[in-house]
Amino acid sequence: MSETYIVFPHDRLGPRISEYAAAPEQLSLASADIAQRTLQAAGIEPERVFTDSGAVDRGGNIVELTLESIAAGRDERAPRVLETLDAILIDDPTDEQLNRLREYGDVIENFEVPLVEPIETADSSGDERWHLEKINVAAAWSQGIKGNGVRIGILDTGIDASHPDFSGKSISFAEYDSNGFLVSTTPRDAGTHGTHVAGLAAGATYGVAPEADLAVAAVLTTKTNGGMAGNVAQILAGFNWLAHANHATTGISQCSVINASLGGSGYRDYLHSSVEVVRQVPGALLIAAIGNAGRRGVNNHSSPGNYDNVLGVGATDPADLSADFSDWGIETTHGVLKPDLSAPGVSVWSAVPGGGHAPKSGTSMASPLVAGAAALLVEKYPSDRRRPASLQVRLLRAVDLAPAADPRNTVSGYNKIGAGRLDLASI
C-alpha cells in the first residue's frame, strides 16, 4: 500500500475561495493550479492531479472523472486535490521531496482515526421513540417542517440505502480508500454504524428530519480490533466531497450540515483548518460526537468534536442525565468548554443493515439527532443554508436548559451537558 501524506500549502486558496463558490469546476481548476505549483516547487512533476470535478492535466484541462480513470490514477499514484479543504494528498514522496514540501506547506502523515464506537448499556426505556419525544420533534413536524429540501452529509461507515427507512429518499454516496481515492459510488455499509446514524438524522421511522436527503461518505471502512476506522486521507477526501460536490442531478444540492460520529481521544488538529475553510465557503456546519470516554474522567473528548469551530454533542439518558460514557471538559488549545450541547444517546433505536432496527448507545447516536435538527432549522430559516455560524447559534438556543442546571450533571466543577439538551418545542 502506498504511503500517503497530506499537504496543506502555504499558498492557501481559502481567502479567495468565495470567488468560485457558484462554480465548482472553477474552484477545482484554481485548487489544481496551486497544487501543481506547490508540487513542482518540491521537485514533483505529476502528469495530472485529481479533483472532485475531474483530472486536471498540466495545461489546466479537466478530463472527465470516472472510476476507471481513478483506478488508473491510483496505479500511477497521481496526487489528489481537496478543493474545499486547501489540501493535497500525495503518495510515496522521497525524503528529499518531503523536506522540500515542508518548505511550501504543512505536512502530516496519514494516521488512523476510529469511529466513536457505541457503548454497551442496559435498555433504559421501553419506548423505542423516546428520543424523538424527549426532544419534542412533533412541535416542528406539526408545522410541516421535516427537512424537505435540505441535504445532510454523513461521514461514517456507509449506508444500506435499500433499507425501507430510506425509501424514496435522494441518497448520494461515495466510498474512499485509505489513501483518499474514490473506489465506489454504489451504496453499502462496511459495518452497521453508518446506517444507524443516517436513520437517526433522516430515517422514516426514527429520524428527526425524515424528509431530508442524504449524502453519505463511506470513510470508516477498515475493521480493527477496536471497531471500524479510517485514515486521515480517507476522511479528508470524504469531507471534501460532501462539502464541494453537487449531490443532485438537477439544480444545486450541497450539504448545509455534515455529521461526523468519529474521532480519537485528545486534541488532533488534522481537520481544524479544513473545517474553518468549509465554514467560510461553501458554508457547511460540522456537527460531531464528543466521544465515549467519559468513564475515564474529564478531558478525554475526541477531535473533531472538541474543536472550537465544530458543534460537539454529548449524550443524555431518558432521565435527562448525562450518560456516564459521554465526554466533557475543556479543550485547552482553544479554551472551549465541551460538549456544546447534548441530545439523547442511551438505548436509541434506529435502522440497521438488512431492513431491521436496533438500539445503540453513544454520543454517535446523539450527534445525528442534532444534525437532523439542523436540517429542520435550515428548512424553516433558509437564509441559514450557507451561514453555519448563525445555524449553530440557533441550535444552541434550541435546548432545554434544565438538564444543564441539574447539579447531578456537574462533575468536578464541569457541566457535562453544555448549553442544554436538544429541545425543538419552540422551533
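The values are calculated or read from the model by the stated rules, or taken from the named source; none is laboratory data. Given the structure is predicted, the values throughout are model-derived calculations rather than measurements. FYI the Cβ positions are ideal-geometry reconstructions off the backbone, even for glycines, and counts take in every protein chain you see.
Computed quantities for the displayed model
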read-out: Every residue from the stretch 272-300 that is assigned to a loop (DSSP other than H, G, I, E, B) and farther than 18 Å from PRO368 by Cβ; value: VAL281, PRO282, GLY283, ALA293, GLY297, VAL298, ASN299, ASN300
read-out: Residue match in the stretch 213-224 (condition: at pLDDT below 95, in the same structural domain as SER261 (by TED's automatic domain parsing) and out of contact with any helix residue (DSSP H, G or I) (no Cβ under 9 Å at 6 or more places or on another chain)); value: yes
read-out: Residue match in the stretch 167-181 (condition: acidic (Asp, Glu), buried (at least 24 other Cβ atoms within 10 Å of the Cβ), under 20 Å from the mean Cα position of the chain (by Cα) and outside any loop (DSSP other than H, G, I, E, B)); value: no
read-out: Single match in ARG102, ARG129 (criterion: in contact (Cβ under 8 Å) with a residue 24 or more places away in the chain, farther than 21 Å from LEU285 by Cα and more than 21 Å from the chain's Cα centre (by Cα)); value: ARG129
read-out: Of all residues making up the stretch 176-192, the number that are under 18 Å from GLU117 (Cβ atoms) and in contact with a helix residue (DSSP H, G or I) (Cβ under 7 Å, 6 or more places away or on another chain); value: 1
read-out: Any hit, the stretch 352-365, residues being touching an Asp or Glu at 6+ places or on another chain (Cβ under 8 Å), buried (at least 24 other Cβ atoms within 10 Å of the Cβ), assigned to a helix (DSSP H, G or I) and touching a residue at least 40 places away in the same chain (Cβ under 8 Å); value: yes
read-out: Exclusive hit being modelled with pLDDT under 95 and within 19 Å of THR410 (Cβ to Cβ), set GLY297, GLY283, GLY335; value: GLY297
read-out: From the options GLY264, GLY191, GLY227, GLY238, residue that is in contact with a strand residue (DSSP E or B) (Cβ under 9 Å, 6 or more places away or on another chain), under 14 Å from ASP160 (Cβ atoms) and not hydrophobic (A, V, I, L, M, F, W, C); value: GLY191
read-out: Selected residue (criterion: farthest from VAL116 (Cα to Cα)) from residues of the stretch 135-166 that are among the charged types (D, E, K, R), touching a Leu at 6+ places or on another chain (Cβ under 8 Å) and outside any loop (DSSP other than H, G, I, E, B); value: ARG151
read-out: Output for the stretch 71-99, where each listed residue is of a type in the set (A, V, I, L, M) and either under 27 Å from ALA284 (Cα atoms) or in contact with a helix residue (DSSP H, G or I) (Cβ under 9 Å, 6 or more places away or on another chain) (or both); value: ALA78, VAL81, LEU82, LEU85, ALA87, ILE88, LEU89, ILE90
read-out: Complete set of residues in the stretch 86-112 that are over 13 Å from GLY180 (Cα atoms) and crowded, with 22+ Cβ neighbours inside 10 Å; value: ASP86, PRO93, LEU101, GLY105
read-out: Lone unmet requirement of (1) surrounded by 24 or more Cβ atoms within 10 Å (Cβ to Cβ); (2) modelled with pLDDT under 95; (3) closer than 27 Å to ASN300 by Cα for ILE258; value: (2)
